[in-house]
Amino acid sequence: MKMGDMISDKMLAPCGVNCLFCSAHLSKKNACPGCRVPEELITRKSCRNCKKKQCVLDKGLHWCFQCSEFPCAKIVGLNKRYIKNYDINLIQNGLDANKDMDLFLQTQKNIFTCKKCSGIIDQHYKKCSDCGRSFE
Ligand SMILES: [Zn+2]
């Protein structure tokens, strides 16, 4: 999948993971539409019935990073996994997004665009979803 001109905050999940760069979304078959669709359309089991998403909705917010309790234990736990497995710091991302969403999305776009083909880089496998190039 090629990177679009603009990337939307609509694909930024409540927890701060960007669904646009998610392996489940970039999957060639049965691609997940992202975390903000009805539960039954979400393909990844771990993203269904998400407690973080429910918490965000219960508080009438859009993202965890807008919450006065951010970063709470739920996000700290997820972030540990994201730093360890994917080298992505969701708490720092949340702070950046909260400060300046447009700048944050532009920076994300630069990081996750394949320099060779302008494809979207899969943040979980660190691989271009279009030309297959590896970015380890
Ligand atoms: Zn590529």
Check: So what's the net charge close to ASP58: Lys and Arg +1, Asp and Glu -1, counting the other residues with Cβ under 15 Å from its Cβ?
Finding: +4
Next item on the list: For region 16-22, take each phi angle, set θ = phi - 60°, evaluate the Karplus expression 6.51 cos²θ - 1.76 cosθ + 1.60, and give the result in whole Hz per residue in order, putting x for glycine and proline.
Entry: x, 6, 8, 5, 4, 9, 7
Margin query: Based on the alpha-carbon set only, what is the convex hull volume of region 1-69 divided per residue, in Å³?
Written below: 89
Checklist line | Kirkwood Rh in Å, taken over all unlike Cα pairs in region 9-128 | finding: 14.8
Note to self: If the only charges are +1 at each Lys and Arg Cβ and -1 at each Asp and Glu Cβ, what is the size of the charge dipole of the chain around the Cα centre, to the nearest 20 debye?
What the structure shows: 540
Check: Which chymotrypsin sites (Phe, Trp or Tyr not before Pro) does region 14-83 hold that lie in a coil by DSSP with at most 15 other beta carbons within 10 Å?
Finding: none
Note to self: Which residue fluctuates most in the GNM of the chain (Cα springs below 10 Å): LEU57, LEU95, LEU20?
What the structure shows: LEU57
Notebook entry, point to check: What whole-number value in Å² describes the accessible area per residue of region 1-46 for a 1.4 Å probe?
Noted result: 56
Notebook entry, point to check: Can you work out ³J(HN,Hα) from phi for every residue in region 66-79, in order, using Karplus 6.51 cos²θ - 1.76 cosθ + 1.60 and θ = phi - 60°, giving whole Hz and x for Gly and Pro?
Noted result: 8, 8, 5, 8, 5, x, 7, 4, 5, 6, 4, x, 4, 5
Note to self: Taking 0.36 nm per residue of sequence separation and subtracting the Cα-Cα distance, how much length would be gained by fully extending the chain between HIS124 and ARG81, in nm to one decimal?
What the structure shows: 14.3 nm
Checklist line | Amide H contacts of LYS127 (H built 1.01 Å from N, under 5 Å, at least 5 apart or other chain) | finding: ASP122, PHE135
Margin query: Under 10 Å, Cα contacts only: if you run a Gaussian network model on the chain, which one of ASN93, ASN30, ASN79 comes out with the highest mean-square fluctuation?
Written below: ASN30
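The values are calculated or read from the model by the stated rules, or taken from the named source; none is laboratory data. None of the values given here were measured: they were computed from a predicted structure. Methodologically, a virtual Cβ is constructed for each residue, glycine included, from the backbone with ideal geometry; neighbour enumeration extends over all protein chains shown. The area values use the complete protein model at the heavy-atom level, side chains included, leaving out ligands, DNA and RNA. Shrake-Rupley method; radii C 1.70, N 1.55, O 1.52, S 1.80 Å.
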